[in-house]
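Following: one structure in structure tokens, then a few remarks.
The values are calculated or read from the model by the stated rules, or taken from the named source; none is laboratory data. Quick caveat, the model's predicted, so the values are computed rather than measured. When we count neighbours, we look across all protein chains shown, and the Cβ atoms used for this are built from the backbone with ideal geometry, even at glycine.
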Amino acid sequence: MNLLGNIFGEVCKTIFPITEETYFGNPKCSTSICVLSSISLLKKIANSELMNNISLVGRLFSENKGIDSIIRYVNSNPKIDTIIICGKEVWGHKSGSSLLALYKNGIDANGRIINSTSPDPYLSVTLQEVKKFQCRVRIINKIGIINFEKISKLVHTIKN
């Protein structure tokens, strides 16, 4: 990350504190949901019976640290094999698009997500971690969908 980006990030954390929000569901399930910036959808899923049919639900605001966290978590939890990306894309960061680009293209020698259009798509995970992630999961692209019923129906069509 560049110096200006780091400074801006620290200022934003102070002015707009954002809690890390991940809700754990059924550890026997293999599907997880990433709602991007749709916090109301996150809360609706977290407080629903759908939690009995998913391993976890969380949000993704950044194209770097957030994606690093997803890769590390998925790689350390072999039960998870499907990630549904839904909700509103993060303005400016395009974290959902970067996660899709990572899944499709990987990273270059500098840790940059290949073909990402995000402003700072540099990861700290290794190429080996990225390849493991790419091989272990499938990503279902539903970016833009914020309808709880549509997401719930999709989860129920996926075999856990």
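I'm trying to understand the selection: among the residues of segment 143-158, which are assigned to a loop (DSSP other than H, G, I, E, B) and free of Cβ contacts under 8 Å to residues at least 12 places away in the same chain?
Step one: of segment 143-158, the residues assigned to a loop (DSSP other than H, G, I, E, B) are 144-147, 158.
Passing the criteria: only ASN147.
When the residues of segment 126-139 are narrowed to those that are in contact with a strand residue (DSSP E or B) (Cβ under 8 Å, 6 or more places away or on another chain) and crowded, with 16+ Cβ neighbours inside 10 Å, which ends up farthest from SER55 (Cα to Cα)? Here the residue is VAL130.
Can you pull out the residues in segment 26-49 that are in a loop (DSSP other than H, G, I, E, B) and under 22 Å from ARG138 (Cα atoms)?
Going through segment 26-49, the residues in a loop (DSSP other than H, G, I, E, B) turn out to be 26-30, 35-38, 47-48.
Residues satisfying the conditions are ASN26, PRO27, LYS28, CYS29, SER30, VAL35, LEU36, SER37, SER38.
Going by what's in this entry, would ILE67 be described as surrounded by 19 or more Cβ atoms within 10 Å (Cβ to Cβ), closer than 16 Å to GLU21 by Cα and hydrophobic (A, V, I, L, M, F, W, C)?
Numbers: surrounded by 19 or more Cβ atoms within 10 Å (Cβ to Cβ): yes; closer than 16 Å to GLU21 by Cα: yes; hydrophobic (A, V, I, L, M, F, W, C): yes.
Against the criterion (surrounded by 19 or more Cβ atoms within 10 Å (Cβ to Cβ), closer than 16 Å to GLU21 by Cα and hydrophobic (A, V, I, L, M, F, W, C)), ILE67 qualifies.
Filtered by the rule that a residue be of a type outside the set (Gly, Ala, Ser) and in a loop (DSSP other than H, G, I, E, B), segment 72-104 gives ASN77, PRO78, LYS79, ILE80, ASP81, LYS88, GLU89, VAL90, TRP91, HIS93, LYS94.
Filter segment 111-142 for residues that are part of a strand (DSSP E or B) and under 16 Å from the mean Cα position of the chain (by Cα) and give the result. Of everything in segment 111-142, those that are part of a strand (DSSP E or B) and under 16 Å from the mean Cα position of the chain (by Cα) turn out to be ILE113, TYR122, ARG138, ILE139, ILE140, ASN141, LYS142.
Among the residues of segment 107-121, those identified as buried (at least 17 other Cβ atoms within 10 Å of the Cβ) and within 21 Å of ILE83 (Cα to Cα) are ILE107, ILE113, SER116, SER118, PRO121. On inspection, LEU4 fails the criterion of being of a type outside the set (D, E, K, R), touching a strand residue (DSSP E or B) at 6+ places or on another chain (Cβ under 6 Å) and either assigned to a loop (DSSP other than H, G, I, E, B) or modelled with pLDDT under 95 (or both). Evaluated against (1) under 18 Å from GLY144 (Cα atoms); (2) touching a residue at least 40 places away in the same chain (Cβ under 8 Å); (3) surrounded by 21 or more Cβ atoms within 10 Å (Cβ to Cβ); (4) touching a Ser or Thr at 6+ places or on another chain (Cβ under 9 Å), ARG59 falls short on exactly one condition, (2).
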